Amino acid sequence: MAPVDPVTFEVIRNALVAATDEMALALKRSAYSTNIKTRSDFSCAFFDAEVRAVAQGFAQPVHLGSMVEQVPKAVLEYGPEKLAPGDMLVTNDPHPSGVHLNDVSLISPVHCEGELLGYVANLAHHVDVGGGAPASIGAFREVFQEGVIIPPVKLVAAGRIVDDVFRLVLAQIRSTGETAGDFRAQIAANATGTRRLQSLVGRHGLATVRAAMAELLEYTERRTRAELAALPHGVYEADGSVDTDGFTDEPVRLRARVEIGPDGVRFDTTGSDPQRRAPVNSTFAQTFSACAYALKCLVDPDLPVNDGFYRLLDVHAPPGTVTNCTWPAPVVGGWETQTRLVDVLFRALLPAFPKRLPAGTKGMMCQAGFGALDLEAGAYVCFYETFAGGYGGRFGSDGPDAVQTHGQNTENAPVEETELNYPVWVERLELVPDSEGPGRTRGGLGLRKDYRFDLSTTFTILADRDRSGPWGVEGGHDARRAEYIHVRGGVETRLVSKSTLDLEPGDVVSIRTCGGGGYGPPSERVPERVLRDVLEGKVSTARAEEVYRVALAEGAVDHERTEALRA
C-alpha cells in the first residue's frame, strides 16, 4: 500500500471525524425527543472493514468505549456477508456486548466503488423501550423486565425500513410517536455519514482513503505510546462503593487497580462485588468505557480516539461481577455503577496526578423518568433526564457548579421545552446552597429541580449518593449528600435513591443533587473567594465562619476576626 503524503493524510483524517460530526448534527436536528434533540444523549462513529474504530464524534464520552465493544460484535454476530448497500442493523442487546436497553445502536455498511469501506454507527438513548416503568428505568430484577431486547436484526433493507420489524419494536414501547421519530433520525444520521464517506472516496480514491485510515491507526498508536512514556509508571489502587442496590441497604463494593507502563495501561476490577438481582450491574462495555475515559483524561486532549488508542488499553473485569455482569442480570442501572467506577479510578490515580485530577464528584448519572397517559392528547407521554451535580475541587480551581460529571456530557432539559411538551411544571431550578465540599478549592454545588404534575403519573428515580456525599482530598471536606423528596399536601417524604412511585395531580418531586468534594483544607481558602461565594448565595455566612474560618461584616471580610479564627 503506497504511503499517503502528510497533507493528504491530515485532510482525510479530519474529514473522517467531520463525517461523524455531521452525522451527529443530522441526528440532533431531526430527532423528536428532548433527550436526543436537546440533551444530546447520543454518539456517532465510523469503523473500517475489519470493524476497527477509525473516527468517533462524541456527544457523550460515556460512549467512548461502549460502541467499540458493541458494534464489532453485532456485525460479526449477524454476519457481514449478509449486509448489502442500504442495509442497517439495529440492536440494544446488553449481553454480551451492549449497555442498557435504552441505548439503541444503528449500524450501516458503507460501500464505495463496489467494495466495503467500513461501517457507520450511531447510538442514541431512547426515552422509552417498554418494560416495567415509564422511561424504562426502575429497580428491576432481570433484564427481561427492563424493556424490549433487540438482537442484531435488519431494520433497513436496501434503503427502506423493514416494516414488520419496525412495527414489532414499536409495539413494545409507550411513547410510540417520539420513538418512531428518533429511529428515523438515527437512520438519517447513518445515511448522512455514508454519503460523506462516499464523497471522500470520490475525491481521493478508495486506495488512498484506505491507506490513510490504516496510517491513522498507526499514527494514533505511536502518539499514545509517546504519551504513556511520559506518565508516572506504577500500580495504583482504590476502593469505593455505590450506596445501595435498590433492594437492600448493603453497599455495592467497587475495587480498581491501574497499572501504567510504557506498553499500555491495564485496568483490573477484581474484588468488586458479585453481580446482583438489582439495578447496579455494569456490562463489560460500560466498564471498558469508564477505563477508556480515565485514560483519555491523562493524555493529550488532541490525541485521536480510535483503534490505535484502544490497542494500549487492557481491561480485566471478572465475569459475574457488578463490573461485568452476565445474562440475565438487569443492566438498567449500569451507568450509575460505571460513573462511580470512574470516581474510584480517579481516586486511585490521584496520588500520581495531584494537579490533574479532582476530588470526588457527583459520581452518578442521577436518572429520573416519568410517564402518564394523556387522554386529551390521546397518547402515552414519557420523559427522561439526568441531573447535574457538583464537580470535585481541583488543585488550582474550584469544581464547577451543577454540571454533568465525568463521561456525561448531556445538557439540562430546558424548562420551557419540558413544560411545553410534557404534562409537568418545573417550579424550581436552582443551585443548592452549602452543598459544596469545603476546601482550599471548594467543590461545585448541587442542583435542585422541582417537578409538579397535573396528571396521575408514574415517576422513577434511579440514582445514588443519598447515604454519603463525594469525598474530599488533602484535608478537603466531603460534600453534602443528595436528597430526593416527594411532596403531597405540603408534607415532605424523603425517598430512597432507587424508587418508583405513583403520583396524584398536584404532587411535587424534588431532586436535590450532591455537591463535589473539597480539595485542601477549607481554612486555607482565600477569604475573598469565600466572600464572593457568600455574596452570590452559594455559601451561608454561618458556614463561612464555622467551616472556612472567615468572618464577614457589612459585605466585606473582617480580616482581624478571620486571622483570629484561623489562628
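The values are calculated or read from the model by the stated rules, or taken from the named source; none is laboratory data. What you are looking at is a predicted structure, and each value in this text was computed from that prediction instead of being measured. Heads up, the Cβs are rebuilt from the backbone with ideal geometry, glycines too, and the neighbour counts pull from every protein chain shown. With ligands, DNA and RNA removed, areas are computed over all heavy atoms of the protein, side chains included. Shrake-Rupley method; radii C 1.70, N 1.55, O 1.52, S 1.80 Å.
Contact map, the stretch 408-422: residues that are over 13 Å from residue 36 (Cα atoms) paired with residues that are in a helix (DSSP H, G or I) and among the aromatic types (Phe, Trp, Tyr), Cβ distance under 9 Å, separation 6+ or inter-chain. Pairs shown: 408/335. Return the residues of the stretch 366-382 that are within 20 Å of residue 426 (Cβ to Cβ) and assigned to a strand (DSSP E or B); say none if nothing qualifies. If the condition is that a residue be within 20 Å of residue 426 (Cβ to Cβ) and assigned to a strand (DSSP E or B), then 367, 368, 369, 370, 371, 372, 374, 381, 382 are the ones that fit. Screening residue 332 against (1) touching a His at 6+ places or on another chain (Cβ under 6 Å); (2) open to solvent by 50 Å² or more (accessible area, probe 1.4 Å) leaves a single unmet condition, (2).
Being under 30 Å from residue 548 (Cβ atoms) and surrounded by 24 or more Cβ atoms within 10 Å (Cβ to Cβ) is a property that residue 369 lacks. Of all residues in the stretch 535-554, those that are more than 17 Å from residue 440 (Cβ to Cβ), open to solvent by less than 50 Å² (accessible area, probe 1.4 Å) and assigned to a loop (DSSP other than H, G, I, E, B) total 3. Does residue 352 fit the bill of being surrounded by fewer than 24 Cβ atoms within 10 Å (Cβ to Cβ), in a helix (DSSP H, G or I) and modelled with pLDDT of 95 or more? No: the conditions fail for residue 352. Restricting the search to the stretch 76-97, which residues are within 29 Å of the chain's Cα centre (by Cα) and of a type outside the set (Asp, Glu)? 76, 78, 88, 89, 90, 91, 92, 94, 95, 96, 97, listed by residue number. Looking at the structure I just gave you, is residue 532 free of Cβ contacts under 8 Å to residues at least 40 places away in the same chain and within 30 Å of residue 377 (Cβ to Cβ)? No.
With respect to residue 190, determine if the residue is part of a helix (DSSP H, G or I) and surrounded by 17 or more Cβ atoms within 10 Å (Cβ to Cβ). Criteria met by residue 190.
Listed by first and then second residue, the pairs linking a residue in the stretch 498-510 that is assigned to a loop (DSSP other than H, G, I, E, B) to a residue that is not hydroxyl-bearing (Ser, Thr, Tyr), with Cβ atoms under 6 Å apart and 6 or more places separating them unless they lie on different chains, are 505/454; 507/453; 507/488. Taking the residues in the stretch 245-279 that are touching a His at 6+ places or on another chain (Cβ under 6 Å) and not β-branched (Val, Ile, Thr) as candidates, determine which candidate is surrounded by the fewest Cβ atoms within 10 Å (Cβ to Cβ). Result: 261. Elements of the type strands (runs of 3 or more DSSP E) sitting completely within the stretch 408-488 and holding at least 2 residues that are within 28 Å of residue 331 (Cα to Cα): these cover 447-453, 457-462, 483-488.
Every residue, every condition in (1) open to solvent by 30 Å² or more (accessible area, probe 1.4 Å); (2) more than 30 Å from residue 359 (Cα to Cα); (3) among the aliphatic types (A, V, I, L, M), yes or no:
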site: 407; (1), (2), (3): no, no, no
site: 423; (1), (2), (3): no, yes, no
site: 439; (1), (2), (3): no, no, no
site: 465; (1), (2), (3): no, no, no
site: 489; (1), (2), (3): yes, yes, no
site: 501; (1), (2), (3): no, yes, yes
site: 508; (1), (2), (3): no, yes, yes
site: 511; (1), (2), (3): no, no, yes
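Among the candidates 282, 289, the residue that is outside any helix (DSSP H, G or I) and either open to solvent by less than 30 Å² (accessible area, probe 1.4 Å) or charged (D, E, K, R) (or both) is uniquely 282.
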